[in-house]
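Note sheet for the following structure.
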Amino acid sequence: MKRASKELKRIARDLLNDRYSIPIGAFLTAGLIPAVLEFPFLLSAGTDTSAMQLTVHLIARFLIALIAHVLETGVIYMHLNMTRKKAYSVSQIFYPLKNGTERYFGAAFLLSLFFVISCLPAAAGGIYFYLAKFSAKTVWILSGAILLSVIFVAVCLLNYNFVSFFLLDYPKMKVWDSFLECRRLMKGNKRRFLFLALSFFGWGFLIFFSFGIASLWVKPYLTQTMVNFYLDCTTELDRIPVRD
C-alpha cells in the first residue's frame, strides 16, 4: 500500500505520542558524540595551519563524519524497533558499532564517496570562477556547475537514502548488495519520497528561528516518518497495527 505523505506523517506522530523522550535522547546522544570528538580539532584550527595539519584535520573530520553516520544508523535501528513494537532504548544507537561494524562504515564511506563525486562539478566551477576574470560567462558556468551538482546529490539521495535500513534488516547482506536493493526499492517510489522530503522543508525555518531547539522534536519526527516510508515500500507497514 502506497500511503500519501500526510498519512505517513500522521502515523509517525501517533507512534511518537507519549514516547518522545527516548527518540530525543537517541538524537542528542548521536549528535553530541561526534561534536565532542570534533571539538579538539576546532580548537587547534588556526590561520597559520600547515599543510600537514590541514591534512590531518580533514582526515579526522572525515572519520568523525563516518562515525556520525553509523550512529545515525543506530538511531534508525531504535526507531525501527519502536515501530515494530519491540524493546527500544537510547543504547541501541551503538548497535551498528557492535554488530557488523565494517558493513556500516563501508556503506557510509561509499555514500560519502558518491556525494564527493556529485560535488565535483560545483568545485570545478568554483575554481574556474576564481581563476577566470569576472564576467557573465563565468557566472553562468558557475551557476550551471552548482545546479549539476545539486541534481547529482538529489539522484544519490533518491536512490540510496535507505541503504542503512537494508543493512539493519539483513545482517548478512553485503554492502554493495544493499545499494542495489535500495535502488530497486526506490523504483516507482522516487516521486513519493521527494514529495515527502520536501514536505519537511518548512520545519527547517522553525529549527533556524528557534536556534536549533526545535530539532529535538523535528528530527525524531523526520526519522520516524522516513522509517514509515521504508516500511510502507516493503509492505511491512500493512502488518503493523497503527491507528486509523
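A few notes on this one:
- Answer residue from the range 196-224, given it is β-branched (Val, Ile, Thr) and out of contact with any Phe, Trp or Tyr (no Cβ under 9 Å at 6 or more places or on another chain) and is surrounded by the most Cβ atoms within 10 Å (Cβ to Cβ) among those: Ile207
- Residue that is nearest to Phe195 (Cα to Cα) [pool: residues in the range 213-240 that are outside any helix (DSSP H, G or I) and in contact (Cβ under 8 Å) with a residue 60 or more places away in the chain]: Thr235
- The lone criterion from (1) farther than 24 Å from Ile117 by Cβ; (2) over 15 Å from the mean Cα position of the chain (by Cα); (3) small (Gly, Ala, Ser) left unmet by Ser178 is number (1).
- Members of the range 1-40 that are more than 17 Å from Arg84 (Cα to Cα) and charged (D, E, K, R): Lys2, Arg3, Lys6, Glu7, Glu38
- Residues in the range 111-128 that are more than 20 Å from the chain's Cα centre (by Cα) and loosely packed, with under 13 Cβ neighbours inside 10 Å: Ile127 only.
- Meets criteria (touching a residue at least 40 places away in the same chain (Cβ under 8 Å), of a type in the set (Ser, Thr, Tyr), surrounded by 16 or more Cβ atoms within 10 Å (Cβ to Cβ) and touching a Lys or Arg at 6+ places or on another chain (Cβ under 9 Å)) for Tyr160: yes
- One residue stands out among those in the range 129-157 that are surrounded by 14 or more Cβ atoms within 10 Å (Cβ to Cβ) and farther than 28 Å from Val75 by Cα: the one that is farthest from the chain's Cα centre (by Cα), which is Thr138.
- Residue within the range 167-176 that is within 26 Å of Ser21 (Cβ to Cβ) and buried (at least 18 other Cβ atoms within 10 Å of the Cβ) present: yes
- Of all residues making up the range 17-43, the number that are more than 20 Å from the chain's Cα centre (by Cα) and not aromatic (Phe, Trp, Tyr): 7
- Filtered by the rule that a residue be among the hydrophobic types (A, V, I, L, M, F, W, C) and more than 14 Å from the chain's Cα centre (by Cα), the range 158-173 gives Phe166, Leu167, Leu168, Met173.
- Residues (aromatic (Phe, Trp, Tyr), over 13 Å from Phe27 (Cβ atoms) and at pLDDT below 95) located in the range 210-244: Phe211
- Residue in the range 183-195 that is surrounded by fewer than 16 Cβ atoms within 10 Å (Cβ to Cβ) and touching a residue at least 60 places away in the same chain (Cβ under 8 Å) present: yes
The values are calculated or read from the model by the stated rules, or taken from the named source; none is laboratory data. Quick caveat: nothing in here was measured; it's all calculated off a predicted structure. Using ideal geometry, Cβ is built from the backbone for each residue, glycine included, and neighbour counts are taken over all protein chains shown.
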